[in-house]
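Scroll down for the structure; my scribbles are underneath it.
Coordinate-derived values only; no laboratory data. Because the structure is a prediction, the values reported are computed rather than measured. For neighbour counting, all protein chains shown are included, and Cβ atoms are generated from backbone atoms with ideal geometry for every residue, glycine included.
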Amino acid sequence: MRKALIVAQSEFVTLVKSKAFLVGLILMPVVMGTSIMLVRATKDATDMKDRTFAIVDYTGVVAEPFKAVANLYNSGTPSAMDTVLPRKGARFIPVEIKPSEGNPEELRLDLSNRVRKQELFAFVEVPAEILDPASTTSIRYYSDHPSYNALPQWLRATINAVVLNERFRRASIDRALVVRLTKQAPIDELGLFERGADGEIKAAEEVNAARAYGIPVAVLALMYITIMTSAPQLLNSVIEEKMSRISEVLIGSVTPFELMMGKLLGGAATSIVLCGIYIAGGLIVVQYWGGYASAVTPSILGWFLLYLTLALFIFGSLFVAIGAACNDLKDSQNMMTPVMLLVMIPVFTAGTVLRAPDGTLATVLSLVPTAAPFLMLLRICLQPGPPMWQIVVSVVIMTCTALAVVWAAGKIFRTGLLMQGKSATLGEMVKWVTAK
Amino acid sequence: MSNAISLTGVTKQFNGTRAVDDLSLSVPAGSIYGFIGPNGSGKTTTLRMIMHILLPDRGEIEVLGSRDTAAARDRVGYLPEERGLYKKMTIRRLLRYYGRLKGASISDIDAASDYWMGRMELPGLLDRQIETLSKGMSQKIQFVAAIIANPALLILNEPFSGLDPVNAHVLKDAVLEMRQRGATVVFSTHDMATAERMCDRIFMIFRGRKVLDGTLESIQSEYGADTVRLRTSQGAAALVDMPDVEAVNDFGQLQEVRLKGDPQAFLARLAARASVYHFEVTRPSLQDIFVRIAKP
């Protein structure tokens, strides 16, 4: 073990002094911070280009009030229409086209050609039946920009507001009164009451989306980023030693198992330091922006550290074994893919766990040893958290898996390290593991 | 004299091929022992088994009095045939790392580093990064890394290959100094002249089996005095179609001839063909013995 610690210390110093570590430490938060600031700075000013569109009104009563609402919208004046939101981006300029008496298909073709020539951005048809509350007809929107949805969304809200006004008017009902009478009460999402240490009853706090979902997702992201950056570094380290023929010198001094354990410990220590720095930085940021630092409890940090360590041993061993079995980086890329998928699949299923953290699927997935560091941790971060027995079972399963993977990787490492000239096949690796 | 290494009936197979076959060997403590043999004959496999890097399929290996060769590892310095260094490390950090893996303290490593860097004619370079060193410098650093913890047994696989004569001389002196300090030195080489000059005992392995083992003198005497070194006015042409010549090794200015018959009778016949400037009856060189064994 003493020699494994010497290897670990050397690995740690090498990794911490590496450019990759410094880039990860400085560049990633800088890039993320800049991105957040850019998004905040530009979110209301991303698109200010006018969109001119045609409106073909078959009701004969919608176009005029609609144009009046559009004018108010474009001039930035608040609208009396309760469903029309204030303008944030581009102006939407309507051009009224009177319906032709002939074939409507001809008109549609003509307007389509004008869109193609970029005289118009789109055109919209308001069918005559729309004023009938029993009708199931739709407003039809035609455009060659299917990905641009700001205009159709605005049209749906605005035309519907005008149509509703007209329906109320025809029914001789005061719409303002209806709006007042049908106004819905909002719902406040709150936590639970509790009795404090001083015996006083503490009122329930309002549920905050950033606190309820933001922190768990951030913890999951940190786990994912750490494993995806740390484990492949171990592979690179083994391949470098193998390709530059350092391995044989080392295993003249330490056993292959000590060498591998040293690498795993060094890699784990580096990752924990990196995470510690990220977590400290993250806590300062969330405290500054919303005062959420208290949501990251010592218990969450403790579980994070435990799951991270176990995950690094499982995935690190796999990457170390691949490094020892491969002859160059190119071969190792192919072998890395299935292991990378093991890391990525739990992250893809995180949405399911977020929606129903105590559902059967979430429970089963979070007990799978390669998924537990992501999904069980996510469940722990989501209130009220999983039952303790599930956490204990997942830790026991992960520990057993880590021991088995480290043992198998040690056997591959021992044989693969001295093999030069060609990379091992999966079958050969299985043979090395099963050999006495 | 006790043995630093003892191998008894050691066999190692790879994919059904016997790389080392029933090998028994004793390396006396304090000696310089040369391993020779053609490529692929089992030298490296034997050295790796001594280092516990490979385990024998059969047989026993004892290193520095211990059957658990892993336990003796800290007292053994090892320079493998194919070697590399961490390019981004400084020499000081590398030597400390390798030395600590052998159980040495940092203060001892630093003192040894200063001494051996001077001995290798590389003073003041301890804080240089490895990637800035020339090939010869790197090889010398690799040697220093192997001896940094003052090993009792030093195993060197092709230590002089690729070195220029000046650096080879420096390294040879360092090897001899290690022996003077009491270390046992085992090295493999393809340079027969080096083996002849440096080794107390020579061991040759061929197709996994031991074919020579002893002092140079005993090996040479085993092969008799059937070799003549000569120089004539006609060079190698003077030896064409001579009936008692078994083999000729032509060095241009000098020919080494293996005879089947009496050297005096051969000299008389040769003098009838050409002027003889030099004629020396001698024992076969290690090179000659090697070629006799390994020639297909």
| remark: At 37 °C and 0.692 mPa s, the Stokes-Einstein diffusion coefficient in µm²/s for region A:1-77, with hydrodynamic radius from the Kirkwood sum on alpha carbon pairs, is 175 µm²/s
| Residue farthest toward the positive end of the dipole of chain A, with Cβ of Lys/Arg at +1 and Asp/Glu at -1: which of A:359, A:237, A:296? | A:237
| query | Under a point-charge model restricted to the Cβ atoms of Lys and Arg (+1) and Asp and Glu (-1), what is the dipole moment magnitude of the protein assembly as shown relative to its Cα centre, in debye to the nearest 20? | reply | 360 debye
| field | Proximal charge balance of residue B:137 [Cβ under 12 Å; K/R count +1, D/E count -1] | value | 0
| note | Ordered by fewest other Cβ atoms within 10 Å, a rough proxy for footprinting exposure, B:49, A:28, B:117 read A:28, B:117, B:49
| query | Which residue, chosen from A:316, A:22, A:416, occupies the Cα position most advanced towards the positive end of the dipole of chain A, where the dipole is computed from +1 (Lys, Arg) and -1 (Asp, Glu) charges on Cβ about the Cα centre? | reply | A:416
| field | region A:125-186 versus region B:134-166: alpha-carbon centroid distance in Å | value | 87 Å
| remark: The aspartates and glutamates whose Cα lies under 15 Å from the Cα of residue B:295, excluding any fewer than 8 residues away in the same chain, are B:246
| What angle do you read, to the nearest 10 degrees and between 0 and 90, between the alpha-carbon axis of helix A:388-416 and the longest principal axis of chain A? | 50 degrees
| remark: With Rg from the Cα atoms and Rh as the Kirkwood inverse mean 1/r over Cα pairs, region A:261-320 has an Rg/Rh of 1.09
| said: Give me the net charge for the shell around residue B:84: Cβ to Cβ below 12 angstrom, other residues only, Lys and Arg +1, Asp and Glu -1. | reply: -1
| task | Under 1.5 on a/c is rounded, so check that first for the protein assembly as shown, then, if it is not, pick prolate when a/b is larger than b/c and oblate when it is not; a ≥ b ≥ c are the square roots of the alpha carbon gyration tensor eigenvalues. | result | prolate
| task | Write down the percent of antiparallel bridges among all DSSP beta bridges whose residues are both part of chain A, to the nearest 5. | result | 40 percent
| field | Net dipole in debye of region A:152-244 [+1 Lys, Arg Cβ; -1 Asp, Glu Cβ; about Cα centre; nearest 20] | value | 920 debye
| request: Check the straight Cα-Cα distances from residue B:135 and name the lysines below 18 Å, setting aside those fewer than 8 residues away within the same chain. | output: B:87, B:88, B:172
| remark: Computed, not fitted: 222 nm per-residue ellipticity of chain A from DSSP H runs ≥ 4 (each -39500 (n - 2.57)), nearest 500, equal to -20000 deg cm²/dmol
| said: Loop-only chymotrypsin sites (Phe, Trp or Tyr not before Pro) in region A:187-235, please: DSSP not H, G, I, E or B, and at most 11 other Cβ atoms within 10 Å. | reply: A:193
| said: For region A:1-140, what are Rg and Dmax over the alpha carbons, in angstrom? | reply: 28.6, 93
| task | Could you tell me which of rounded, prolate or oblate describes region B:109-167, using a ≥ b ≥ c as the square roots of the eigenvalues of the alpha-carbon gyration tensor, with rounded for a/c under 1.5 and, failing that, prolate when a/b is larger than b/c and oblate otherwise? | result | oblate
| query | Once the Cα atoms of chain A are picked out, what are the Rg and Dmax in Å? | reply | 31.1, 96
| message | As a quick test, which of the pairs A:330/B:210; A:3/B:210; A:3/A:431 have an alpha carbon distance above 31 angstrom in this structure? | response | A:330/B:210; A:3/B:210
| Cβ-defined net charge surrounding residue B:191, 15 Å radius [Lys, Arg +1; Asp, Glu -1] | -2
| said: Give me the dipole magnitude in Debye, nearest 20, for chain B about the Cα centre, with unit charges on the beta carbon: positive for Lys and Arg, negative for Asp and Glu. | reply: 760 debye
| message | Just want the answer: with Cβ charges of +1 for Lys and Arg and -1 for Asp and Glu, which residue in B:284, B:220, B:192 is farthest toward the dipole's positive end in region B:179-296? | response | B:192
